Amino acid sequence: MRTGHHKQAFEAADDVLISPTYVPDLINKSLNLLIDEEKGVWHLANQGTYTLADLARLAADMANLDTSFVVPRSMQAFGLAAAHPMYSVLSSEHGNMIPSVEERLGRCVSEMMDNISNSSEEHIAVAS
C-alpha cells in the first residue's frame, strides 16, 4: 500500500495461484479446533484463489489507489533460489470455515492506510 500511495511500481507474480490467509483468522480457527479436540488434517485458508498480482490489485482497489502501480511478472523473473509451486491453493473438505479474502483484506487495508496516513502526518510535523 505504501508503494502505491507513493506512486512507485510494485512487482508481483501473476502466474502462481495461492490461497491467502489472514493470520488472526488462522489462529482463531486453530484454537477452536484444539479446544474442540478435533482430529485429522485441516487445511485452513481464507476463501478465494488469487495470483499475487491479483491480490495486490485487489488491495490497491480497496484502498482507492490506482492499480496501475502493480506490475505483473512471472515468478521466474524474480530469480528466487527455491522453486515455488505454481498452484498452492488450499481447500477443506470440512467446508468454508474462515471468511473470504475480500472481507479480511478490507479490514487489513483500512488499518494499513491509517498507518500510512499517520506516518505521513508525523513526517510533516517533524519537518515543520
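Read the figures in this text as sums done on the coordinates, not as results from a lab. Keep in mind it's a predicted model, so treat the numbers as computed, not measured. So basically every Cβ, Gly included, is an ideal-geometry build from the backbone, and we count neighbours across all protein chains shown.
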The chain, Gaussian network, Cα under 10 Å: of A53, A12, A77, the residue fluctuating most is A77
Residues whose built amide H sits under 5 Å from the amide H of A12, excluding neighbours closer than 5 in sequence, are V71, R73
For the pair N32 and S117, the simple spin-label estimate (label points 7 Å beyond Cα toward Cβ) gives in nm 3.1
Assertion target for K29, K39, ordered by fewest C-beta neighbours within 10 angstrom first, is K39, K29
Helix-only [θ] at 222 nm, the chain, -39500 (n - 2.57) per DSSP H run of 4+, per residue, nearest 500, equals -14000 deg cm²/dmol
Length-normalised contact order of the stretch 2-123, Cα under 8 Å, at least 6 apart, in percent, tallies to 40
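Quick one: length gained pulling D66 to V23 fully straight, 0.36 nm per residue minus the C-alpha distance? Could you put the intermediate results ahead of the total?
Working: separation 43, 0.36 × 43 = 15.48 nm, distance 2.67 nm.
Result for the pair: 12.8 nm of gain on full extension.
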Computed about the Cα centre, the charge dipole of the chain from +1 Lys/Arg and -1 Asp/Glu charges at the Cβ has a magnitude in debye, to the nearest 20, of 260
Residue span A81 to N96: 0.36 nm per residue of separation minus Cα-Cα distance leaves a gain in nm of 2.0 nm
Under a Gaussian network model of the chain whose springs join Cα atoms within less than 10 Å, the largest fluctuation of L31, L44, L55 belongs to L31
Once the dipole of the chain is set up from charges on Cβ (+1 Lys and Arg, -1 Asp and Glu), the residue from the list A59, Y87, V23 lying farthest towards its positive end is Y87
Kirkwood radius from Cα pairs of the stretch 2-123 plugged into Stokes-Einstein at 20 °C, 1.002 mPa s, gives D in µm²/s equal to 132
